[in-house]
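The structure appears below as structure tokens.
The values are calculated or read from the model by the stated rules, or taken from the named source; none is laboratory data. Worth saying up front: this structure is predicted, and the values here are computed from it rather than measured. FYI the Cβ positions are ideal-geometry reconstructions off the backbone, even for glycines, and counts take in every protein chain you see. Only protein heavy atoms, including side chains, enter the accessible area calculation; ligands, DNA and RNA are left aside. Shrake-Rupley method; radii C 1.70, N 1.55, O 1.52, S 1.80 Å.
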Amino acid sequence: MLGEHLTQEQADEYAIGSLEPELERAIALHLAECPACRDIVRDAERLAALLAVSQPVRRASPRLRQRVLTAAGIRKPGPAWRAFTIGRAAAGLAAIIVAAGAFSGMLGLRTQVNALRSQNADLQRQIDEALSQKVALAALTQKLEDQEAVAAELRETLKSDSELFIALISPSSQVAAVVSVDPSRGSIGRLVWDDDQKRVWFVASQLRQLPPGETYQLWVNSGGRYYSLGTFAPDDAGFARYETRLPEGITSYDTAVVTIERAGGSPTREGPAVFFVTDLSRLTRN
Amino acid sequence: MDGNPTPAGIRNIDRAVEFPRPAGAELAGRTEWTDEALMLAILERDQHAFAVLYDRYVDLVYSAAYRILGDAGLAEDTVQDVFVRLWRRPETFIAERGRFISWLMSVTRHRALDELRARGRRWKREGGPLGDPVESAEPVFHPGDPDPSASAELAEERAAVRRALESLPADQRRALELAYFGGLTQQEIAAYLHEPLGTIKTRIRLGMQKLRRGLERHR
Ligand SMILES: [Zn+2]
């Protein structure tokens, strides 16, 4: 019934009590959770109250005072209460005479009011702190999640590293040097062929970035035929680490090359060779 | 008095606060206090603060109740109900967080309208809520009289609203009074006056606007 904030008109109608009961309830519900509209209504209610007290004033009966007092359960009002009924002029005089004593009363009250204010400030500060801690906690949680992702990546890398390490020290592995066709550049990496794990690793650095549309592709030659081991791309630093399973039906290779092929790789070797592989194990085993 | 307060909020007042009460100076000192300060003291069961607040507002509460009920006896009953409630449940004011006079008048209006409805007097009374108050035969103290109560600020605001009210077109003023003192909804006012609802809404809107402007000009 009340979708948005109150208009001034609605606030006025609410304050003066002219709304139908359903709308009045809807507004009351809205006010319960909207400080902005409460401010508007508070002003309107002040105006309505002034309307009430701007009517012709009638004096209430003096007898009514004792009646109200009794009804409120205040049985012994004390001498000061009676003294005050003597008249406002006398009370005004008393105010001047006892100003000092009264001031101490005001001071006490002010202290209380200030204490309450500072309690409110303390509470607000505690809420702010709790909120900022919540924000910090959320950031920390995010950081933790990020770190967990990094840790998972690192664990994966570590696993892969340890597998590579095992392959490197395994007597059944063949470790070959990856050499550039450009004679001035020499060895840039290794090819590790592991019969036990049935896997092959290609690790190289100083690779140049290829233009879009081109990719590095790794081939092994076995029995006079080239088999593709897949494509790879170096990272920003020119480093590539590529691992894959041994092709089906092949237990050894004679030579290996890296060519530049069109993006996605070629089914058969077409592009120019940029690196070739020299079998180190043959050298070291000798 | 000056010790560190425990951080329990306003409820703490109920038990922990002790207001100093210099003998003989109670009422005289408290007459200088604001309404809100007096209510704080009443929370602490300060009877003298209650007496000061009663004297400050009894005539206004009585007059508003009389305006609604049109009957001295019923208006006195309303005064009693309002002030007894104020003494017994002062925290209801603290919780509502408005100005004291707004709360007091709101309580008075609701209490008096309840009384009116309970007695089914809304349409019947001569000189009641639907009549014109100045035509009443009973003695009436107009704002020109020395203000018996309340603060100078409130007295000035009352005068400003009173002036604005007097300069309102009669139909706008009537619509406001039927709503506030008669306890009628806009639809009931429209039916009572045989006017379209939209006309009544406009009168109330314009009436409140003019009262607000009158009050702002005073400030
Ligand atoms: Zn709102």
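For the reader, a short list of remarks on this structure follows.
- Residues whose amide H falls under 5 Å from that of A:E243, counting only those 5 or more places apart or on a different chain, are A:F202, with hydrogens built in the peptide plane.
- Solvent-accessible surface (1.4 angstrom probe) belonging to B:T199, in square angstrom, nearest 10: 50
- Derived scalar couplings between HN and Hα for the stretch B:176-185 equal 4, 5, 5, 6, 6, 8, x, x, 9, 6 Hz in order, rounded to whole Hz, by the Karplus curve 6.51 cos²θ - 1.76 cosθ + 1.60 (θ = phi - 60°), x for Gly and Pro.
- Whole-Hz couplings from phi, Karplus 6.51/-1.76/1.60, listed for the stretch A:162-177; x for Gly and Pro: 5, 5, 4, 4, 4, 4, 5, 9, 6, x, 8, 8, 10, 10, 10, 7
- Annotation: amide H of A:R199 within the under-5 Å range of A:D194, A:L246, sequence separation 5 or more or interchain, hydrogens built in the peptide plane.
- Net charge of Cβ neighbours under 12 Å - reference A:R155; Lys, Arg +1; Asp, Glu -1: -3
- Exposure rank, largest accessible area first [B:R30, A:R42; 1.4 Å]: A:R42, B:R30
- Restricting the stretch A:159-266 to trypsin sites (Lys or Arg not before Pro) in coil, as DSSP defines it, with at most 15 other Cβ within 10 Å: A:R185, A:K198, A:R208
- With K and R counted +1 and D and E -1, the other residues having a Cβ less than 11 Å from that of A:E9 yield a net charge of 0.
- A:I166 versus A:D39: modelled label distance in nm, points set 7 Å from Cα along the beta carbon direction: 6.9
- Summed residue charge, Cβ within 15 Å of B:H194's Cβ, Lys/Arg positive, Asp/Glu negative: -1
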